[in-house]
Amino acid sequence: MPIGGRWVPASGGGTITVANPATEAPLAQVPAATIEDGLAALDAACRAQEAWAATPARERADILDRTYHSIRNRRDEFAALITAEMGKPLTEAQAEVDYGAGFFRWFAESANRSHIDGQYGVEPGGQYRFAVSKRPVGPSLLITPWNFPLAMGARKIAPALAAGCTTILKPAEATPLTSLLLAKVMEEAGLPAGVLNVITTNNSRGVIAAVMADPRLRKISFTGSTQVGSALLAQAAPNVLNTSMELGGNAPLIVFDDADLDQAVDGAMVAKLRNGGQSCVGANRIYVQDGIAAEFTRRFTKRMATTRVGDGTDPATELGPLIDSKQVATVSALVQDALAKGATCLTGGTTPNRPGSFYPATVLTNIPDNADIRTEEIFGPVAAIYTFTTEDEVIAEANNTPYGLASYVFTQNLAKGLRVADAIDAGMTGINRGVVSNPAAPFGGTKQSGLSREGGTEGLHAYQETKYTGIQL
Ligand code: NAD
């Protein structure tokens, strides 16, 4: 793992085996970083901070731009690695490479402008001058989940570096290989030693707690579950760390009677099955208005039932394995709970008897109020369909959750679409679209889905402090 510009083993000599979820075959060994390694990475980030912040913005932007081009040139290599360690179909892995690379391009473009942004003026009483500018927050700890091995890191590394912060990346234990390849690519793009350090560990709790307790760390940006994010917020309190939290979701997808049915079915398919349903913005609750419910459910179920499940490297595969057998057990338990309480299964619903962590595309209806699937994040290819009658009723249902990340509305009445988008307490709404993520847009959630935003202008501000100087001439 790269620490301070050198590729080092874990100080304790330990390793972690990374496995392919489609075959369960081991792929590689990576270092099992210890607390000492975590602190060595922080030392390296702190040593590099001053020089990196002083590096002209254009030079930093050039490195990000070279990284963008290099990832694009090595698209197949990155995509194959993502599929191997995470399982998603190759076409989805290629889409992730394009999306992830896009953050380097967007923040290369942003880096120059952000440093000439600012204000100089006279205070309202006319007595003295104001100068307001931006400066980097400082050494930043970036923690990512396994579901988008490239994009989740890119979304943090690119803005941090653009702002002039040095970084320590801790990828998920299941998917560290893509992050290591990215670090290699960035080194080749001319990134100075210590600006991006990567620690791969199977002791996340211990290593992260030690790094966060060190007052030299100034920021933590975390993407993962609400449970872990909430614990990290508590851990961030003693040193009053700057925090960005991208946490869990429970996205409603609402289809009104006046929706274009083809568009709604296409949108629901991608919002549900992208990444095998293992996405924080995945459609967790599909609400269909009663006039269109039977026809929508028929068409959508037909598409789900014919979804080809298999190894992500097979070009015919539309749905790869889940990340591991534990995830299959979690998803299966949610389905079994709903069925035991009276839900109807229209397709799927049984774990296939084959090696690898597979689960079929599944559709449930008639889900009773006490079923766990109504409130839990499914994180798998299971669609839960509910019906509704009025706009007010569905808005109340959509908001009846502690989460507020993504949401989707399908209607041909744009005024209604905008009205419902405004009424939904979520950070993001797609109108007649099942995918909204874009490097140029602010991604993030309200309520227990998180704090701060990634991407867009906001994504850069997350790594900047505002400096105000009052000047008496
Ligand atoms: P997770 O919370 O289990 O793990 C996320 C990361 O935190 C991993 O790197 C893990 O090793 C690390 N971690 C776990 N426990 C830790 C601890 N005690 N201290 C420090 N680090 C710790 O989540 P996951 O299972 O990897 O990912 C799935 C979750 O991520 C879902 O809830 C999903 O909604 C969420 N997610 C959110 C977004 C978003 O942008 N809002 C994006 C992707 C995933």
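The values are calculated or read from the model by the stated rules, or taken from the named source; none is laboratory data. Only a predicted model underlies this, so the values are computations on that prediction, with no experimental measurement involved. Because the Cβ atoms are built from the backbone with ideal geometry, glycine has one as well, and the counts that use them run over all protein chains shown. Areas reflect the complete protein model, heavy atoms only, side chains present, ligands, DNA and RNA absent. Shrake-Rupley method; radii C 1.70, N 1.55, O 1.52, S 1.80 Å.
Values for this structure:
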| item | result |
| --- | --- |
| Angle between the chain longest axis and helix 177-188 axis [Cα atoms, degrees, rounded to 10] | 30 degrees |
| Highest to lowest packing among 326-333, 373-380, scored as the average C-beta count within 10 Å | 373-380, 326-333 |
| Amide H contacts of Leu27 (H built 1.01 Å from N, under 5 Å, at least 5 apart or other chain) | Val18, Ala19, Asn20 |
| Rounded to 10°, Cα long-axis angle of helix 75-86 versus longest principal axis of the chain | 60 degrees |
| Trp106 accessible area, assembled protein chains, probe 1.4 Å, Å² | 60 Å² |
| Student exercise, the range 100-180 dipole from Lys, Arg, Asp, Glu Cβ charges, in Debye to nearest 20 | 40 debye |
| 5 angstrom amide H check on Phe443, placed H, neighbours 5+ away | Glu454, Gly455 |
| Qualifying aspartates and glutamates (Cα of each under 17 Å from Cα of Lys341; at least 8 residues distant if same chain) | Asp369, Asp372, Glu376 |
| Charge dipole (the range 251-439, unit charges on Cβ, about Cα centre) - positive-most of Phe410, Phe300, Ile373 | Phe300 |
| Over 31 Å (Cα to Cα) - which of Lys416/Lys467; Lys134/Lys447; Lys326/Lys447; Lys88/Lys447 fall in this group | Lys416/Lys467 |
| Angle in degrees between helix 414-423 and the longest Cα principal axis of the chain, rounded to the nearest 10 | 70 degrees |
| The chain, dipole about Cα centre (Lys/Arg Cβ +1, Asp/Glu Cβ -1), debye to the nearest 20 | 880 debye |
| Lys, Arg +1 and Asp, Glu -1 on Cβ, resulting dipole of the range 271-421 about Cα centre, debye, nearest 20 | 400 debye |
| Aspartates and glutamates with Cα under 19 Å of Lys184, excluding same-chain neighbours fewer than 8 positions away | Asp37, Glu59, Asp62, Asp65, Asp76, Glu77, Glu85, Glu96, Asp98, Glu173 |
| Rounded to whole Hz, the Karplus (6.51, -1.76, 1.60) HN-Hα couplings of the range 346-362, x for glycine and proline | 8, 7, x, x, 10, 6, x, 8, 7, x, x, 8, 9, 9, x, 5, 10 |
